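Structure incoming, see below.
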Amino acid sequence: MRRAPITPYLFLAPMVVGLLVFRVIPIGVSFFASFTHWNVIAPPQWAGLANYREMLGSADFWRVLGNTSLFAAMYVPGVMIIGLALAVLVNRKLRGITFFRGLFFMPYITSLVAVALAWRWVFSTRFGLLNNALIEVFGITNPPAWLSDPIWALPSVAIVYIWQSAGFVMLLFLAGLQSIDRTLHDAARLDGATAWQSFRYVTLPLLSPVVFFVMIISLITSSQTFEVTYALTRGGPNGASTTLAYSVFQNAFVFYRMGYASALAYTLFALVGTLTLLNFTLRRRWVHYG
């Protein structure tokens with residue numbers, strides 16, 4: 001009985017130690033490192049705001065920031081619209097509908113590297129499934145080189161991320177749709193509302209808390225583009241698909257500029273945090289609870 005009060009803490013200790021060693025302490029160290037010049041080999045040297053001044057004065061940083069913003073502008077609406085469409089599609093009481101729900105969700109639990117390798121074949125210029133389909137079905141004789149074209153590289157990466165994440169978003173929207181009282185739709189139908197009007201004026205307002213949640217997590221996910229980018233384009237061609245998350249990796253583990261990479265990481269954190277806070281501030285205007 002004397003030892004009983006410490007028993008819960010003994011069970012929690014491995015998780016707490018892991019959290020401190022692999023999360024909290026690295027976060028603190030990286031924040032300190034963002035104010036230093038550190039190439040891993042030599043000890044870090046205090047540099048103050050030099051990394052941040054260099055970053056804000058670099059044309060590469062603003063190009064990468066533009067790529068990150070463009071990727072988010074494609075990914076967030078894309079994954080939300082497709083996820084909602086899939087949720088509406090599978091929100092039916094039909095025989096075998098569970099199989100299709102699992103089928104749509106499967107890409108989300110598939111290894112990102114495997115997903116990227118499969119899509120690399122799809123986007124292949126000469127032997128890719130997509131270009132062969134464009135040639136045979138639409139008669140396009142000069143299809144784009146998706147992964148090596150500066151115009152198409154970033155949209156191609158966004159397509160893969162949308163395809164991989166849509167099943168998870170579908171699951172969230174499906175849970176929201178099934179929590180809506182069916183009598184509200186029946187009342188709207190009795191009042192003469194069409195299917196679109198019922199969806200627009202009944203379903204969407206009641207689904208707004210889920211829409212808000214999905215938008216937040218999609219925005220955060222759009223800032224974490226690494227695995228697929230690394231496997232498909234390596235940030236190329238000529239940096240056309242390099243986002244802030246991939247730039248952090250490049251500066252840290254390719255150029256060994258740990259201080260500058262930490263400054264990029266905290267800049268990304270500040271941007272995502274600001275946008276998230278802005279969304280939380282504006283949610284009272286369009287999110288309806290109950």
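Spot the failing condition for residue 125; the list is (1) in a helix (DSSP H, G or I); (2) of a type in the set (Val, Ile, Thr); (3) at pLDDT below 90, and only one is missed.
(1)
Okay, next question. Taking only pairs six or more apart or across chains, which ones have beta-carbon atoms under 7 Å, a first residue in segment 132-143 that is surrounded by 12 or more Cβ atoms within 10 Å (Cβ to Cβ), and a second residue that is among the β-branched types (Val, Ile, Thr) and modelled with pLDDT of 75 or more?
That search, which allows pairs on different chains as well, returns 134/140; 135/141; 143/135.
Collect the residues in segment 252-290 that are among the hydroxyl-bearing types (Ser, Thr, Tyr) and over 14 Å from residue 55 (Cβ atoms), keeping them in residue-number order.
Filtering segment 252-290 down to residues among the hydroxyl-bearing types (Ser, Thr, Tyr) leaves 256, 260, 262, 266-267, 274, 276, 281, 289.
Once the filter is applied, which keeps residues that are among the hydroxyl-bearing types (Ser, Thr, Tyr) and over 14 Å from residue 55 (Cβ atoms), segment 252-290 yields 256, 274, 276, 281, 289.
All but one of (1) under 16 Å from residue 265 (Cα atoms); (2) surrounded by fewer than 16 Cβ atoms within 10 Å (Cβ to Cβ); (3) touching a helix residue (DSSP H, G or I) at 6+ places or on another chain (Cβ under 7 Å) hold for residue 58; which doesn't?
That leaves (3) as the condition not met.
Being assigned to a helix (DSSP H, G or I) and under 27 Å from the mean Cα position of the chain (by Cα), is that true of even one residue in segment 177-188?
Yes, the conditions are met somewhere in segment 177-188.
Outside any helix (DSSP H, G or I) and under 30 Å from residue 259 (Cα atoms), is that true of residue 39?
Yes; evaluated as a whole, the condition is true for this residue.
Evaluate the following for residue 236: is it in contact (Cβ under 8 Å) with a residue 24 or more places away in the chain, in contact with a helix residue (DSSP H, G or I) (Cβ under 8 Å, 6 or more places away or on another chain) and not in a helix (DSSP H, G or I)?
Yes: the conditions hold for residue 236.
Quick one: in segment 189-247, of everything that is in contact with a His (Cβ under 8 Å, 6 or more places away or on another chain) and not hydroxyl-bearing (Ser, Thr, Tyr), which residue is nearest to residue 69 (Cα to Cα)?
209
The values are calculated or read from the model by the stated rules, or taken from the named source; none is laboratory data. Note that this is a predicted model, so its numbers are computed, not measured. FYI the Cβ positions are ideal-geometry reconstructions off the backbone, even for glycines, and counts take in every protein chain you see.
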